[in-house]
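For reference, the structure discussed in these notes is given below.
The values are calculated or read from the model by the stated rules, or taken from the named source; none is laboratory data. Source: prediction; values computed, not measured. Cβ atoms come from the backbone with ideal geometry, glycine included; neighbour counts cover every protein chain shown. Please note that ligands, DNA and RNA were not included when accessible areas were found on the heavy atoms of the full protein model with its side chains. Shrake-Rupley method; radii C 1.70, N 1.55, O 1.52, S 1.80 Å.
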Amino acid sequence: MKIALLQLNLTVGDIEGNFDRIVSAVDKAAGDGAALCVASELALTGYPPRDLLLNSSFVERCRDSARALASRIPDGVSLLVGGVDRNEPGDGNPLRNAAWLLRKGEEPKVFYKWLLPTYDVFDEQRYFEPSEDLNYFDVDGVRVGVTVCEDVWNDRDAKGGRRYGSNPLPPLVAAGADIVVNLSASPFNIGKQEVRESLLSDIAAKYELPVFYANQVGGNDDLVFDGRSCAFDSRGKLAARARGFEEDVLLVDSESMSGRIEDDDFSEESEAWRAMVSGVRDYMTKTGFKSAVIGLSGGIDSSLTAAVAAEALGPENVLGVLMPSPYSSRGSVEDSLALARNLGIKTHTIPIDDLMKSFDSALEPVFKGLPPNVAEENIQSRIRGNLVMAISNKLGALLLTTGNKSELAVGYCTIYGDMAGGLAVISDLFKSLVFNVCRWINEQGRGEVVPASVISKPPSAELRPGQKDEDSLPPYNVLDCILELRIEYYMSEQEIIEDTGFDPEVVRKVLKLVKVSEFKRKQAAPGLKISSRAFGTGWRMPIACRFTG
């Protein structure tokens, strides 16, 4: 039997559009001989639907769409598609995370997800009631065990531990399942596909069953889905893998376990780059924007943001704005123009000297007798924020913010200034990785994209004469190490000191900056999730908090 894994770029709330996309993919797969098509988790709603699930009319339209889809399936083809269903008779949460089995001329059969994640970006227990029903069906003499995303992430032997008290896999095996399919909407983070493939391989080998995994692809808000749908034979060997960060229909023969295996690059730099390009492109498309504006400083962060935007949208749809002050070096202006030439994007230059003087004059009665400090520096950033927001409003172009994760973590950014914008493209990349991605871009055979001088010069906000980032912060190799251990590995102050050997005062200073900067992050633009833990929907820290240990 040929099985088609439908790896589709679905839009949250676009029930009709998702319906049409699924129909088109099923028709293609059926034309290639597929008897069973498997779409992703909550494919009809788009993932994650979040509080749309609290809207009763949305839920009913999704259920109606699932039933209507059955009439559009070619004869002899079965479709498993993710959707939503009511929880009958109604005890517990009102909804079920459902996998609908559809065949033309037959009453739909519905299977429900067992394991509902409530960690990081997931909050499924807010909406859904878990199931403990046996989920399987027979097609062409093959018994198919059905799992939905998290259902395969709780096997102690494969995962090294269990988060939940139940595991749907052993009952499926006991019920005589010949294969296991998994409808997934698994968000991307760097390194996750290798974890997925190891997990699925171990499950296939342990239960001696082929495993088929269908994932969503594309960006929805802060989340990016990398696709890479795949299949493993009963020995745990990779039999097929779909393309990464692109739509695909992957056909696999369930008897011979033969299929196409797409080459992939699992390096941090390649994964981060492709995820950002996909995230920007889909965020713009799905929110209705066609062009972007970026403030170009001549630094590494705005350079990477501009490069991502040019790749995602086409250089003709990106505008770079240079806003030099008396403290901007000639090299920074030249580097910005060189970057724009390399990318092929348009630029405008708006000096802010006179605007700074106007602010100084207006504030002189209030600031009189007080020494210059960070207030004057922040005014420069807010002048620039006003200018690029005005251009964004006038041209209908989305302003992309350029701050990285290191800066956002310790508050080395100006609220209502350089934090202004509609999407924070690189906000989940530590500064060290920003540099590495820029070097990687220049090694991809396109010549120099990011000017070498941008990569080699010491980072600086250029808000006062001779300013360098390291005047206020530890070196980035130290800072990023502390931040990664704290944010992504949940280490305490003492654990970080013992693990790294860093000066305890440096560690304490960094962790204090992380804590006191929470109010800024609460007001930041949504940022694309690239790491295992980002400052987005999965980050839930209090603002009024005294604990720093």
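Which value, in debye to the nearest 20, describes the size of the charge dipole of the stretch 258-319 about its Cα centre when Lys and Arg Cβ atoms bear +1, Asp and Glu Cβ atoms bear -1, and nothing else is charged? All intermediate terms of the calculation are to be shown ahead of the outcome.
Working: 5 positive and 11 negative charges, 92 e Å.
In debye, rounded to 20, the stretch 258-319 gives about 440.
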Which of the peptides 235-248, 300-313 is most tightly packed, and how do the rest follow, judged by the mean count of other Cβ atoms within 10 Å per residue?
300-313, 235-248
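Give me the percent of DSSP beta bridges within the chain that run antiparallel, rounded to the nearest 5. Kindly include the intermediate steps, with their values, before the conclusion.
Values: 36 of 69 bridges.
If I count the DSSP bridges inside the chain, around 50 percent turn out antiparallel.
Scale the Cα Rg of the stretch 283-401 by the rule-of-thumb value 2.2 N^0.38 Å and send over the ratio, two decimals. Working shown, then result.
Details: Rg = 15.8 Å, N = 119, 2.2 N^0.38 = 13.5 Å.
Computed over Cα atoms of the stretch 283-401, the ratio equals 1.17.
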First check a/c for the stretch 50-202, with a ≥ b ≥ c the square roots of the eigenvalues of its C-alpha gyration tensor; if it is under 1.5, answer rounded, and if not, answer prolate when a/b is larger than b/c or oblate otherwise.
oblate
Please give, to one decimal in nm, the separation of the simple spin-label points placed at S234 and L134, each 7 Å out from Cα toward the Cβ.
1.9 nm
Rh by Kirkwood over Cα pairs, then Stokes-Einstein D for the stretch 255-304 at 0.692 mPa s and 37 °C, µm²/s:
232 µm²/s
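Grab the beta carbon distance between S267 and E448, set R0 = 25 Å, and tell me the FRET efficiency rounded to 0.05.
Working: r = 20 Å, r/R0 = 0.80.
It comes to 0.80.
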Using a 10 Å cut-off on Cβ atoms, rank the peptides 356-367, 69-80 from the highest mean neighbour count down.
69-80, 356-367
Ellipticity estimate at 222 nm from DSSP helix runs (n ≥ 4, -39,500 (n - 2.57)) divided over the chain, nearest 500:
-11500 deg cm²/dmol
Distance between the stretch 495-549 and the stretch 204-248 - C-alpha centres, whole angstrom:
33 Å
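Please work out whether the stretch 90-180 counts as rounded, prolate or oblate from its C-alpha gyration tensor, where a ≥ b ≥ c are the square roots of the eigenvalues and a/c under 1.5 means rounded, while otherwise a/b larger than b/c means prolate and anything else oblate?
Values: a/c = 2.34, a/b = 1.22, b/c = 1.91.
The shape class here is oblate.
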Can you give the extra length, in nm with one decimal, that the chain gains between R260 and W539 once fully stretched, where that is 0.36 nm per residue apart less the Cα-Cα distance?
96.7 nm
Over the chain, what percent of the accessible surface lies on carbon and sulfur atoms, probe 1.4 Å?
50 percent
How much length would be gained if the chain were fully extended between D178 and F367, taking 0.36 nm per residue of separation minus their Cα-Cα distance, in nm to one decimal?
60.4 nm
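What's the magnitude of the charge dipole for the chain around its Cα centre, counting Lys and Arg as +1 and Asp and Glu as -1 at the beta-carbon? Answer in Debye, nearest 20. Display every interim value, and only then the final one.
Values: 60 positive and 79 negative charges, 221 e Å.
Charge dipole, the chain, about its Cα centre: 1060 debye, nearest 20.
Just the number, please: percent antiparallel of the DSSP beta bridges in the stretch 104-188, rounded to the nearest 5. Numbers along the way, then the final one.
Values: 4 of 9 bridges.
Of those bridges, close to 45 percent are antiparallel.
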Select from P451, V321, S291 the residue farthest towards the positive end of the dipole of the chain; place +1 on Cβ of Lys and Arg, -1 on Cβ of Asp and Glu, and compute about the Cα centre.
V321
So what's the angle, to the nearest 10 degrees on a 0 to 90 scale, between helix 504-516 and the longest Cα principal axis of the chain?
80 degrees
Which residue, A409, I379, I345, has the largest displacement toward the positive end of the dipole of the stretch 305-439 when charges sit on each Cβ (Lys, Arg +1; Asp, Glu -1)?
I345
With +1 assigned to the C-beta of every Lys and Arg and -1 to the C-beta of every Asp and Glu, and no other charges, what is the dipole magnitude of the stretch 1-91 about the Cα centre in debye, to the nearest 20?
180 debye
Taking only protein heavy atoms and a 1.4 Å probe, what accessible area per residue, in Å², does the stretch 18-88 have with all protein chains in place?
35 Å²
Run the numbers for T285 and R546: contour at 0.36 nm per residue of separation, minus the present Cα-Cα distance, in nm.
89.8 nm
If you count only protein heavy atoms with a 1.4 Å probe, what accessible area per residue comes out for the stretch 232-274, rounded to a whole Å²?
47 Å²
Counting only protein heavy atoms and leaving out ligands, DNA and RNA, the solvent-accessible surface of C481 at a 1.4 Å probe, in Å² to the nearest 10, equals 40 Å²
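Once you've got the Cα coordinates, tell me which of K431/K520; K357/K468; K2/K237; K405/K529; K2/K104; K346/K457 are over 20 Å apart.
Numbers: K431/K520 18 Å; K357/K468 24 Å; K2/K237 18 Å; K405/K529 11 Å; K2/K104 18 Å; K346/K457 24 Å.
Exceeds cut-off: K357/K468; K346/K457.
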Which residue, L8, G31, F430, has the largest displacement toward the positive end of the dipole of the chain when charges sit on each Cβ (Lys, Arg +1; Asp, Glu -1)?
F430
Label-zone membership for the stretch 265-304, site H348, 7 angstrom Cα→C-beta point, backbone N under 19 Å
289-298
Which angle between 0 and 90 degrees, to the nearest 10, do you get for helix 431-442 versus the longest principal axis of the chain when only C-alpha atoms count?
80 degrees
What translational diffusion coefficient, in µm²/s and rounded to a whole number, does the Stokes-Einstein relation yield for the chain at 4 °C and a viscosity of 1.567 mPa s, taking the hydrodynamic radius as the Kirkwood radius over Cα pairs?
52 µm²/s
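Taking a probe of 1.4 Å, how large is the accessible area per residue of the stretch 398-446, in Å²? Provide the component values of the computation, followed by the final result.
Numbers: 1380 Å² over 49 residues.
Result: 28 Å² per residue.
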